[in-house]
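The values are calculated or read from the model by the stated rules, or taken from the named source; none is laboratory data. Predicted, not measured: the structure shown is a model, and the values here were computed from it. No Cβ is skipped: glycine too gets one built from the backbone with ideal geometry, and neighbour counts run over all protein chains shown. Just the protein is used for accessible areas: all its heavy atoms, side chains included, with ligands, DNA and RNA removed. Shrake-Rupley method; radii C 1.70, N 1.55, O 1.52, S 1.80 Å.
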Amino acid sequence: MERGYLHGRFPALFFFLAFLLTSPAISTKSVRRIQPCRSLVLFFHDIIYNGKNAANATSAIVAAPPWANRTILAPMMNFGDIVVFDDPVTLDNNLHSPPVGRAQGLYLYDSKTIFTAWLAFSLVLNSTDYKGTINLVGADPLMNLTRDISVVGGTGDFFMTRGIATLMTDAFEGVVYFRLRLDIKLYECY
Amino acid sequence: MERGYLHGRFPALFFFLAFLLTSPAISTKSVRRIQPCRSLVLFFHDIIYNGKNAANATSAIVAAPPWANRTILAPMMNFGDIVVFDDPVTLDNNLHSPPVGRAQGLYLYDSKTIFTAWLAFSLVLNSTDYKGTINLVGADPLMNLTRDISVVGGTGDFFMTRGIATLMTDAFEGVVYFRLRLDIKLYECY
Amino acid sequence: MERGYLHGRFPALFFFLAFLLTSPAISTKSVRRIQPCRSLVLFFHDIIYNGKNAANATSAIVAAPPWANRTILAPMMNFGDIVVFDDPVTLDNNLHSPPVGRAQGLYLYDSKTIFTAWLAFSLVLNSTDYKGTINLVGADPLMNLTRDISVVGGTGDFFMTRGIATLMTDAFEGVVYFRLRLDIKLYECY
């Protein structure tokens, strides 16, 4: 009798419920895309080792094509150079602001015709606001105004997170220093 | 009284609704596994630098064990070699087809006893059909007919995607050229 | 009339249903966090090449800052060294237990002031219990008792999985051998 009640007398109720039942999944998907569950803006500062700044340097070229000497390599946009880095991360664009963590990992240059890079690294955050890591991977065509890479995971406060980080070159001083702005938007939070 | 109505007079309605409420999540999970939300087939072409082909080469060995010279290394299946690449990506197996993008990142050889590799790279796609990047990571035991690696994220048209890429060696010409076929199946789309 | 029935006479039913409809998503999220869908404990064994142990070595330093000789590098905590590895994986802490797979990929040292590493690798498992790969990325501040890295994907039995791996240094014998314990907790299973 109860089934009869539901199906017979009030079919509209059934379909209304069915609609409600499917809609949360759909709306979750679109909300995710439009509305991050968490946003951060961070800056990281890369001081490249140049043979004389070991005390200040935060990164170093550690690999290069075996055939290359710097004369040949330069016109090839550093193709093949792998750089290991441990860069301070700050909340504003001032290198001397108190760091909230470190950006640690590697980047490499991978084009012969234009400066373009590829990144794989972790943001290791340790401040009053954030404790945990965010892991990122992606292509960085650094001559573009903005570039998107993937947040592929996280730990601690960023447990299991995913999202997108938009990179902007905030400063570039020859081969010695650059500063990246990261607009991180997380679309999966736990 | 309304609560009494729901629980007392129509318990079946309650359980029927409870069933409906849990079923969407379950079906989503199984649909994901069986049915990709998006599929792509791409080819990428790797022309390895051999000391004489700088103009055509798309990849180069940039690291190797410090103790190794090529004589020692060769019988060890290139163990430890890291290769940086920027390979053209095409929709068919013809190197000269118009590229729809580039595969950029690194691979390395990591066995002393068999040719086996490990990959971390981005597909940077820029065509009428696809604009965006797909980020991939995984082991590539390249003597196997097929190998699965993980799609760990994406940007642009591939915003936040996840999935599996099945690799097949489509051509292998000594130490100068190989071509991979990627069957990409995405199970999370936004 | 049916709409009138639902909205007019039993508004509480509507809100109760609305509550039910949103709650599954919420409870799924918290269940995920608290309760892994799958757990594994694995050990991996890293025997570092020292110039004399080519037969036994499972890893080798393949890159280092170009300016560095070992004398300068040592006090800098191996900053910039990239190590490629193919380490046996066992179910207990005995190097000579039958391996259930290999850990393959790279790690690098990325601090000048403390031993700290960054990892990107795959667990390639092939045993009666597990067939498939688990892909991991993350920072490894190895002087900490435990460190969390991200499981960013998987294949085979670990199709599309995500989670957290907690690393513990289970043994450390100078520059020749270390053993890591991995407590892997997967929170997304298919």
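The table below gives the values:
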quantity	calculated
In Hz, Karplus ³J(HN,Hα) per residue of segment B:34-39 (6.51, -1.76, 1.60; θ = phi - 60°; x = Gly, Pro)	7, 10, x, 7, 7, 10
Percent RCO, i.e. relative contact order, over segment A:46-190, from Cα pairs under 8 Å lying at least 6 residues apart	15
Protein-protein interface of segment B:93-123, residues with accessible area decrease of at least 50 Å², isolated chain reference, 1.4 Å probe	B:Gln104, B:Leu106, B:Asp110, B:Lys112, B:Trp118
Under-5 Å amide H pairs with B:Gly101, H placed in peptide plane, nonlocal only	B:Val89, B:Asn126
Cα shape, segment B:38-188, gyration tensor, a/c 1.5 rule	prolate
Segment B:38-188, accessible surface, carbon-and-sulfur percent (1.4 angstrom probe)	57
Extension gain from A:Lys52 to A:Lys185, taking 0.36 nm per residue of separation minus the Cα-Cα distance	44.1 nm
Label geometry 7 Å along the beta-carbon vector: C:Asp170 inter-copy distances in nm	4.2, 4.2
Net +/- balance of residues flanking B:Ser111 in space, Cβ distance below 12 Å, scoring K and R +1, D and E -1	-3
Where labels lie 7 Å past Cα in the beta-carbon direction, separation of C:Ser127 and C:Glu173 in nm	2.2
Charge sum, other residues only, whose C-beta stays under 12 Å from B:Asp92's C-beta, Lys/Arg counted +1 and Asp/Glu -1	+1
Accessible surface buried once A binds B (1.4 Å probe; total of both sides; Å²)	3400
Accessible surface, segment B:38-188, averaged per residue in Å² (probe 1.4 Å)	37
Neighbourhood charge, 12 Å Cβ-Cβ cut-off, centred on C:Gly154 and excluding it, Lys, Arg +1 and Asp, Glu -1	+1
Pseudo-label separations to other copies for C:Thr113 - Cα-to-Cβ vector, 7 Å, nm	4.4, 4.4
Per-residue SASA entry for B:Trp118, accessible area with 1.4 Å probe, Å² rounded to 10	10
